[in-house]
Amino acid sequence: MSVDVVVKNDAPNEEDWLIPSADVVEETALSAPGGQLADCFDSPRKNTTGTIARIEKGDVDDSSLCEQEDQSASSSNEDAVSEVDADRVISPIEPPPQPQRSISTEETTDALELLKEHGKHVFVMSEAGKPIYTTHGSEEDLSSLFALIHALVSFTTARNDTLDSFQYGRLTICFTHRGPLILAAVSRVGESQSQLNAQLDLVHSQILSVLTRTALLRVFEQRGHNFDLRRLLQGTEKSLGTAVVAAETDPAVGLNAVRVLPMVSSDRDALGQAIVSSVNACKVKNLVFGVIVVRRQLVTMVRMKKYALHPADLHIVLNLVACNPSFKNVESWSPICLPRFDDSGFLHAHISYISDNCPACLLLLTVDRHAFYALSEVKKKFVEKLTKSKSIAALTAACNGTRCFDLDELGYADLWHFVYKNRTSSQLCSAMFRPPFISSDERQRLIDSYARLVDRVHDRGDDGPLKILFQPGERQTLLAWVTPNFELYSAFSPFVQKQSAVSKIDRLLKALKKEEDRLFLVSTQTF
Amino acid sequence: MKKTDLSKKRGSSTIVDCDHTFTIMLLGDSCTGKTCLLVRFKDGTFLNNNFISTVGIDYRNKLVDVNGSKVKLQIWDTAGQERFRSVTSAYYRDADALLLVFDVTNRQSFDNIRNWLAQIREYAQESVAILLVGNKIDLNVQRKVKPDEGKQLAATYEIPYMETSAKTGQNVNDAFMQLASKLTRSRVGGQEDSNKIDLNDSRNVASPYSSWCCGGASK
């Protein structure tokens, strides 16, 4: 059952070596979470699968013609996968040689053509099958595809079963059925089931963040199953799309960690103190979080004693700021639901950029919906304090300074890149891209390899994550290192030796430790 | 009148640099050009080809001169989307004046004006000054609402009507300034008179501008 092996594997013809050390868990067979998949496709369901298979067969053909995303996947392996797949999942129906589409209206063909242009799609619909969101194209044009997804999910639900995912060649299709919503992701860029599920989770959280779970349930209850939820989500299409893109392009999202802007720790502390003292000076109660962000990075954060801000919630905040240039030059007041904090209600956010010259954005989150004027005062006071203490200059300089760790400082030519996650604080630091990762395609390919590496390390069922994985490859050699305190994923030159790579990582960890208070937000102040 | 302590505090702190402070709120369906009207009024520019939708409500200030007195306008720009109704309605009370905007090329946004007015009756101060604005008259070819229809609706509710273009800037300044001077007059004239003045004003204000717009529309 090695379907997932090829999908996950960066370079299938390369071997994986484990570092022989006492605490290394031996990696034997790669986990195949598609086990439940096989259960899903017993005989009565195979017809449905066949329909999907026929539609997507065209996609598979096309993508193997333009093999840019994953050149390392050798063609022989590609064939092997198809065979394995066919045996396992869709054996009774031989995929026809020509792409034949069971849905043959002209519009549908156009819609499918449109889908083929993109490597990945996310669909959201109501339980009644009413289209709510699609990443590409319009919901109307893709209505037949929505209907198909709905049919598949309903079919399994009616049999007290759950349809998780299925695979066809390079195509992975994942489904999530949550409350009144059904979400599906279709990908042929080699993402794994767990990655796609995480992305569906993200889309779901984004929807909750504008509606709350309570309101979402209520609206279908009160206005009927046929209610068009797009009415309430109007204007959020962009942030839904951007959230998916962020999940693909920023390892922080997939690792459930937050990037922190590098900054001298005393300057960072001064910012936190300034927020706390401004809040106290204005006698504001009910403020839950105060956050400063810049370009999807956290600068600092203060919080109410009892509460912590989950990284997934913080990503919703970061996404909100990144997607809405309307917050510039103005004070905004908006409700926002942070599902991990409380998915039943809204927090209210006072959102404003710190000054015209400073790209950092201050968010003050409260439970009091009438607190705008009070928080406006807090913001004014905060800026006054910053200006007086010259902290604003330090903040602006940090915003315009380096945003990542500079590997040149270490002077290792063959350590090309790394991503480091502090597991206790869920904060992330990565290296600045440097050659050979120059073009955005090359960078994206590295990020994709990391994603597969993360999957291999973690997706091991009850065995727990691997501790060290050394994976030589044609393009680069990858090294993953996971302890209870951190996760580190790194890319070396393909010629690096195991021992040398490990000792360099050791040095890197020491350097990171030394600069910990500049690279991470070590402590958060409370009020 | 019914403002919170903090807004009073805010008023007193700004009293040094202005004679009057008023709160104006922009309302109307999404994509009718509320933010564009405001940016045109505040900065004299047009947010061209760059669809940015407002999230929640935005707050801006502008200092204007009304017959020699300095007037500070605190302007709330609201998101038109349905899901923000409860947030925006919480702030209706604070508004001295409302700019109710529809898009002359979007019939639905005009048809929804009655619903907006119902909301306003429910949540806003009784004495609130309202100005109905038909925006995007530069897109005359795509017009779906005739100037007369706008005028008629406004007359039914006894509110003034104006047609504007945030793109060309036509009438934008006037719309805000009409409200500013009306508010100033009513504050100077006292509460008792202001209600009467409101109604009379409405007709006075409406006629010159709507006829002006009709000329534009007939082309």
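Backbone phi angles across segment A:336-343, fed through the Karplus curve with coefficients 6.51, -1.76 and 1.60 (θ = phi - 60°), yield HN-Hα couplings of 8, 9, 9, x, 6, 6, 6, 8 Hz in residue order; Gly and Pro are listed as x.
Take each residue in A:320-327, count the other chain C-beta atoms within 10 Å of its C-beta, and the mean is 3.
Using a probe of 1.4 Å, the accessible surface attributed to A:Asp408 totals some 100 Å² when neighbouring protein chains are kept in position. Listed peptides A:140-151, B:118-129 appear in the order A:140-151, B:118-129 once ranked by packing, highest mean of other Cβ atoms within 10 Å at the front. Taking Cβ atoms as reference points and 13 Å as the exclusive limit, the residues near A:Arg443 contribute a net charge of -2, counting Lys and Arg as +1 and Asp and Glu as -1. Working from Cα pairs under 8 Å separated by at least six residues, relative contact order for segment B:59-149 is 28 percent. Each label was represented as a point 7 Å from its Cα along the Cα-to-Cβ direction; for A:Gln525 and B:Ser53 these points are 3.8 nm apart.
Computed over the Cα atoms of segment A:259-401, the ratio of the radius of gyration to the Kirkwood radius (Rg/Rh) comes to 0.92. Accessible surface buried by the A/B pair amounts to about 2300 Å², both sides summed, 1.4 Å probe.
Inter-chain neighbour count for B:75-86: the average number of beta-carbon atoms from partner chains within 10 Å of each residue's beta-carbon is 4.
For the segment A:377-386, counting C-beta atoms of other chains within 10 Å of every residue's C-beta and taking the mean gives 1.
Scaled against 2.2 N^0.38 Å for its residue count N, the alpha carbon radius of gyration of segment B:19-189 is 0.96.
When the Cα atoms of segment A:102-254 are aligned to their principal axes, the ranges along those axes come out at 42, 40, 33 Å in descending order. Expressed as a whole percentage, what fraction of the accessible surface of segment B:30-142 belongs to carbon and sulfur atoms when a 1.4 Å probe is rolled over the protein heavy atoms? Answer for segment B:30-142: carbon and sulfur cover 43 percent of the accessible area. The order of A:Met125, A:Met432 by accessible area, most exposed first and with a 1.4 Å probe, is A:Met432, A:Met125.
Here the accessible area is traced with a 1.4 Å probe on the protein chains. For segment A:259-401, carbon and sulfur cover 50 percent of it. Entry for segment A:407-519 at q = 0.09, 0.13, 0.18, 0.19 Å⁻¹: log10 I(q)/I(0) = -0.22, -0.47, -0.93, -1.04, Debye formula applied to identical alpha-carbon scatterers, no solvent contribution. Scanning residues 5 or more positions from B:Thr164 or on other chains, those with amide H under 5 Å from its amide H are B:Gly134, B:Asn135, B:Lys136, B:Ile137, with H placed 1.01 Å from N in the peptide plane. Summing +1 for each Lys or Arg and -1 for each Asp or Glu among the other residues whose beta-carbon sits under 13 angstrom from that of A:Ser278 gives +4. In this calculation the C-beta distance from A:Glu140 to B:Lys62 is compared with R0 = 51 Å, giving a FRET efficiency of 0.75. Rounded to the nearest whole Hz, the Karplus-based 3J(HN,Hα) values (6.51 cos²θ - 1.76 cosθ + 1.60, θ = phi - 60°) of segment A:275-283 follow the sequence 5, 4, 5, 5, 5, 5, 4, 8, 6, with x at glycine and proline. Once both labels are positioned 7 Å from their Cα atoms along Cα-to-Cβ, the gap between A:Asp441 and A:Thr483 label points is 3.9 nm. If the chain between A:Ser154 and A:Arg230 were fully stretched, how many nm would it gain, using 0.36 nm times the residue separation less the Cα-Cα distance? Going from the current span to full extension adds 25.2 nm. Annotation: amide H of A:Phe405 within the under-5 Å range of A:Ser430, A:Ala431, A:Met432, sequence separation 5 or more or interchain, hydrogens built in the peptide plane. The peptide list B:26-32, B:142-148, A:357-363, put in order of mean Cβ contacts within 10 Å with the highest first, becomes B:26-32, A:357-363, B:142-148.
Scalar couplings 3J(HN,Hα) for segment A:210-219, obtained by applying the Karplus form with A = 6.51, B = -1.76, C = 1.60 to θ = phi - 60°, are 9, 10, 6, 5, 4, 5, 4, 5, 5, 5 Hz; x denotes Gly and Pro.
Remark on A:Arg259: its backbone amide H falls under 5 Å from those of A:Leu298, A:Leu428, a criterion applied only to residues 5 or more positions apart or on other chains, H modelled at 1.01 Å from N. A simple packing score, the average count of other Cβ atoms within 10 Å per residue, orders the peptides A:325-338, A:193-206 as A:193-206, A:325-338, with the highest score first.
Model label points for A:Lys513 and A:Lys306, set 7 angstrom from Cα along the Cα-to-Cβ axis, are 3.8 nm apart.
The values are calculated or read from the model by the stated rules, or taken from the named source; none is laboratory data. For clarity, every value in this text was computed on a predicted model and none was experimentally measured. We place every Cβ from the backbone using ideal geometry, glycine too, and count neighbours over all the protein chains shown. Ligands, DNA and RNA are stripped out before the accessible areas are found, and what is left, the full protein with its side chains, is counted by its heavy atoms. Shrake-Rupley method; radii C 1.70, N 1.55, O 1.52, S 1.80 Å.
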